[in-house]
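Okay, structure first, notes after.
Please treat every number below as a calculation from the coordinates, not as lab data. Here the structure is a predicted model, which is why all the values come from computation and not from measurement. Neighbour counts are summed over all protein chains in view; Cβ atoms, including those assigned to glycine, are modelled from backbone coordinates with ideal geometry.
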Number of protein chains: 2
Amino acid sequence: MTAHTPKYRRYEAPERREMLVEAGLACLADGGVSGFTIDRICEAAGGASRGLITHHFGSKQQLLRACYTTAYDRMLGAAAPGGSAQTSLPQMIEALLSEDYTSQGTLRAWLAMWGEVANDPDLMQEHRRYYDHYLGRVVQAIREISDGRMLAISEESLATLFISMVDGLWLERCLDPERLSRADVQQACYDLLEAFLGPIRPQTG
Amino acid sequence: MTAHTPKYRRYEAPERREMLVEAGLACLADGGVSGFTIDRICEAAGGASRGLITHHFGSKQQLLRACYTTAYDRMLGAAAPGGSAQTSLPQMIEALLSEDYTSQGTLRAWLAMWGEVANDPDLMQEHRRYYDHYLGRVVQAIREISDGRMLAISEESLATLFISMVDGLWLERCLDPERLSRADVQQACYDLLEAFLGPIRPQTG
DNA sequence: GCCGATATTGTACAATCGTCCAACAACAGC
DNA sequence: GCTGTTGTTGGACGATTGTACAATATCGGC
């Protein structure tokens with residue numbers, strides 16, 4: 001007759017880790033590094049206990065590393081839907097400069113994590129790995145359009161240009177959404193690409 | 001016979017404020033927001049007392065605001081030497097993507113401050129003011145080159161493109177200086193500009 | 001129903017945080 | 001040299017930080 005309602009739910013380690021990463025990203029989004037706190041993260045993870053992060057990740061810093069790889073994975077995933085490695089330039093422009101992704105929360109999270117990349121060698125290595133992956137995809141997408149044509153600059157150079165442009169526009173728009181509209185920044189991307197690749201703008205009716 | 005060597009030096013308020021801003025920027029550069037601490041800042045300001053920041057600025061947050069405007073002033077100053085409002089595009093490329101300015105310290109400082117811009121309305125206002133100023137200068141520099149010629153896009157659009165590109169390249173290079181050389185990023189800027197303005201690259205011998 | 005592996009809790013801990021404030025000292029003006 | 005203004009000191013304060021660790025609870029396998 002002891003109905004015994006459990007005081008807490010037990011999760012498998014991988015699932016719990018995922019929950020904590022999720023909570024960590026949420027905290028980064030609304031408080032930056034200062035918001036990335038053991039107490040707040042556990043609170044955000046459904047009121048878990050303070051000991052959990054140390055238990056599952058060893059330290060707060062390692063949770064941050066996990067958050068970084070997750071965030072990067074998602075970014076790449078959004079730019080290449082359906083899990084394929086295939087990406088089109090318009091799709092990337094649409095996804096990375098979407099209304100959702102150019103939010104102040106997204107900005108705060110990335111700024112905080114980038115700030116750590118410069119400090120943490122492990123994170124730096126991870127960053128480099130992802131960046132190369134990202135660049136490779138863009139080069140591939142460019143080649144699909146150029147289709148063997150000789151461009152004014154190499155595909156790799158144009159890819160670097162494109163990535164930096166997207167990052168810069170994303171940053172400026174996050175900082176001040178009223179100053180730069182979504183249409184503005186997306187158009188700017190096409191201005192850049194068409195200067196090298198010719199007309200590629202998808203007809204929007 | 002009381003030789004009386006002073007225990008500390010008294011500064012005029014403006015001079016002391018400047019010292020604290022300097023120390024604040026130094027702390028931001030090597031520790032981001034986490035390094036921006038009353039204790040560390042005072043230590044960096046020649047071992048001043050902990051009460052000084054509250055006394056001169058009212059709060060730590062207001063010191064941060066002062067740091068932001070100083071950093072932005074210096075950035076604009078570096079891009080337009082001699083104190084003139086006049087700026088040339090090559091000069092900006094040279095200054096903002098210089099070896100010195102693409103350091104991890106510079107990165108950490110800006111990331112930390114931008115993270116606050118998204119939170120603090122006062123800082124946001126300041127940011128907007130400076131950005132408009134910055135944009136105006138770039139438009140002016142573009143007009144000097146286009147010289148009335150009709151471009152593929154408006155001078156304002158190209159200015160936005162340019163600023164975002166510089167920011168993006170600056171960011172990527174700060175994050176991983178070994179991946180993107182100074183020559184790479186500066187060349188990328190010219191690739192962009194020449195696509196719209198025709199040859200403008202200064203002959204480097 | 002019990003057991004054991006293991007996920008979870010919650011406190012203790014020392015360190016650090018930002019702010020406040022009363023006492024103090026430097027230095028210009030007299 | 002004294003005095004008044006004002007810049008400076010440094011400790012008190014409560015809140016919060018990340019980590020460690022022993023105690024506890026859950027839940028699958030029997």
Cβ-derived FRET efficiency at R0 25 Å, A:Arg182 paired with B:Ile145, nearest 0.05: 0.30
1/(1 + (r/R0)^6) with r = Cβ-Cβ of B:Ala78 and A:Thr5, R0 = 56 Å, i.e. FRET efficiency to nearest 0.05, evaluates to 0.30
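Of chain A, which part is the longest with no GluC sites (Glu not before Pro) in a loop (DSSP not H, G, I, E, B) and with at most 15 other C-beta atoms within 10 angstrom? Provide the component values of the computation, followed by the final result.
Details: sites that count: A:Glu12, A:Glu99, A:Glu178.
Answer from the scan: A:13-98.
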Provide the net charge surrounding B:Arg9, with neighbours chosen by a C-beta distance below 14 Å and charges set as Lys +1, Arg +1, Asp -1, Glu -1. +1
What are the label-to-label distances in nm, one decimal and shortest first, from A:Lys60 to the same spot in the other copies, with labels 7 Å along Cα to Cβ? 1.3
Between rounded, prolate and oblate, where does chain A land on the alpha carbon gyration tensor, with a ≥ b ≥ c its root eigenvalues, rounded for a/c under 1.5, else prolate if a/b exceeds b/c? prolate
Between copies, how close do the A:Leu151 label points come, placed 7 Å along Cα→Cβ, listed in nm from shortest? 2.1
Distances from A:Arg128 to the same position in the other copies: list them in nm, one decimal, shortest first, using label points 7 Å from Cα along Cα→Cβ. 4.2
Over its alpha-carbon atoms, segment B:116-205 yields an Rg and a Dmax in Å of 15.3, 48
Report the calculated FRET efficiency for A:Thr37 and A:Gln203 (r = Cβ-Cβ distance, R0 = 60 Å), to the nearest 0.05. 0.80
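Specify whether the C-alpha gyration tensor of the protein assembly as shown places it in the rounded, prolate or oblate class, a ≥ b ≥ c being the square roots of the eigenvalues: rounded for a/c under 1.5, otherwise prolate if a/b is larger than b/c and oblate if not.
Details: a/c = 2.15, a/b = 1.10, b/c = 1.95.
Cα axes put the protein assembly as shown in the oblate bin.
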Take the alpha carbon gyration tensor of segment A:1-106, find the square roots of its eigenvalues, order them as a ≥ b ≥ c, and report rounded if a/c is under 1.5; if not, report prolate when a/b exceeds b/c, else oblate. prolate
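Within 11 Å, Cβ to Cβ, of A:Ile142, how many net charges do the neighbouring residues add up to if Lys/Arg are +1 and Asp/Glu are -1? Present the calculation step by step, with values, prior to reporting the outcome.
Numbers: positive: A:Arg137, A:Arg143, A:Arg149; negative: A:Glu144, A:Asp147, A:Glu155, A:Glu156.
So the surrounding residues net to -1.
How far, in nm, would the chain grow between B:Ser59 and B:Ala13 when pulled straight, counting 0.36 nm per residue and subtracting the alpha carbon separation? Please report the intermediate quantities before stating the final value.
Numbers: separation 46, 0.36 × 46 = 16.56 nm, distance 1.54 nm.
15.0 nm is the gain from fully extending B:Ser59 to B:Ala13.
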Under 20 Å from the 7 Å Cα→Cβ point of A:Gln125, by amide nitrogen: which residues of segment B:161-205? B:175-180
Of B:Gly35, B:Gly148, B:Gly77, the one that fluctuates the most in a GNM where chain B has Cα springs shorter than 10 Å: B:Gly148
What is the average number of partner chain Cβ atoms found within 10 Å of a Cβ in A:32-39? 3
With θ set to phi - 60°, apply the Karplus curve 6.51 cos²θ - 1.76 cosθ + 1.60 along segment A:180-196 and write out the HN-Hα couplings as whole Hz, x wherever there is a Gly or Pro. 10, 7, 4, 4, 3, 6, 5, 4, 4, 4, 5, 4, 5, 4, 6, 5, 10
Potential lengthening between B:His133 and B:Thr69 on full extension [0.36 nm per residue; Cα-Cα distance subtracted]: 21.8 nm
Report, as an integer, the average count of C-beta atoms from other chains found within 10 Å of each Cβ along B:192-203. 2
